[in-house]
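Reviewing the structure listed below.
Just so it is clear, none of the values below were taken in a lab; they were calculated from the coordinates. Treat the numbers as computed from the prediction; the structure is a model and nothing was measured. Positions of Cβ are backbone-derived with ideal geometry, glycine not excepted, and every protein chain shown enters the neighbour counts.
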């Protein structure tokens with residue numbers, strides 16, 4: 001059959017006489033000799049088996065196949081699927097920490113029983129309209145300020161899932177300071193499978209930016225609490241928010257975490273960013289997108305593991321869940337937002353779970369309506385199947401609009417993932 005090169009093929013010279021072709025859609029990678037690369041470039045092959053290999057890996061595709069049209073179909077199918085309901089539940093926007101770069105506006109208060117029960121009703125209504133999977137993330141503020149809410153609402157959601165034969169997955173984002181053996185037992189009983197905790201470097205750097213509200217450091221307590229997961233099946237993602245000041249700590253922190261001997265605990269980097277303009281951020285040594293790319297690439301090329309949270313090979317058709325119709329962040333008052341970065345700012349609310357029929361479609365459409373394949377910059381980009389246009393919140397706020405991928409970052413990722421010995 002007639003064939004053509006996929007427009008999502010990315011190639012570079014791996015070594016003398018060797019070339020890599022990586023397809024950002026199929027995630028297939030082939031290592032070709034110079035002769036094979038010449039055949040690929042000219043579409044002139046001596047052996048049918050070479051053609052078959054390229055076709056099997058979607059490096060070559062049917063001449064009449066509309067790749068972009070198919071990608072758009074998958075993108076919109078994902079956006080408007082109704083089988084999964086993703087709720088990020090902020091039981092409170094209060095917090096025991098005083099982090100200088102926090103993007104949230106702290107406020108006193110916690111989620112009442114009326115809002116908790118409304119969340120359950122909303123989830124049940126979604127189930128009646130086709131939802132089969134519930135994805136719940138406990139969030140804040142600091143969710144462990146009020147473990148009683150997590151226990152009460154979590155058990156109600158378990159009963160709801162059991163009643164309707166739905167799958168239920170639970171996760172948590174916590175600063176880790178309030179973990180205790182009893183809390184770990186509660187998380188295990190509820191079926192929480194993954195927890196994210198932040199350590200911003202070693203003790204000195206961490207304590208100057210992730211301290212209690214009274215200024216007391218938190219590193220020793222959090223690190224000691226990681227030992228509580230030794231007999232638990234819970235996976236723990238340790239996020240390190242990096243800038244030019246603390247990035248030097250990453251390798252030593254990675255070694256310190258590995259010393260715990262728990263393979264379920266991994267470390268990954270994330271850049272410190274100035275997200276909301278109404279917050280005064282006293283951390284000023286931000287990395288640019290390119291600087292963070294280089295930092296991450298250097299880590300992986302010099303022996304650090306490629307953490308699951310940073311991988312780009314996973315299949316996805318949206319940049320994040322905020323672009324999907326059935327994903328909302330719920331604050332303690334019942335206001336529902338599309339994005340974690342908007343929580344607590346009522347002007348971004350899409351509806352209140354107490355009155356879910358009253359919708360602000362302007363805020364919903366700001367995430368759902370944008371088509372990255374129609375964007376002049378993104379539509380022709382070879383990285384599109386990996387990033388799908390990047391963060392929509394950042395685009396709306398004109399924050400860090402540089403593309404999150406570059407030749408250097410993708411090559412470094414490929415080298416670290418496939419060729420590191």
Distance in nm between residue 364 and residue 31 label points, each 7 Å along Cα→Cβ, equals 5.0
Largest fluctuation, 340, 138, 370 only, Gaussian network model of the chain with Cα springs under 10 angstrom, belongs to 370
Given 12-21, 343-352, 168-177, the highest-first ranking by average Cβ count within 10 Å works out to 168-177, 343-352, 12-21
Of all DSSP beta bridges having both residues in the chain, the percent classed as antiparallel (nearest 5) is 40
Between residue 169 and residue 74, Cβ-based FRET efficiency (R0 22 Å, step 0.05) works out to 0.45
Measuring from the longest principal axis of the C-alpha atoms of the chain, the long axis of helix 147-164 (C-alpha) lies at a number of degrees, nearest 10, equal to 60
Within the set 236, 353, 68, GNM on the chain using Cα springs under 10 Å gives the largest fluctuation to 68
Computed from the beta carbon distance with a Förster radius of 25 Å, FRET efficiency for residue 420 and residue 316 to the nearest 0.05 stands at 0.55
For 410, 260, ascending order of other Cβ atoms within 10 Å (fewest first) is 260, 410
So the angle from the long Cα axis of helix 181-190 to the longest Cα principal axis of the chain, reported in degrees to the nearest 10, equals 60
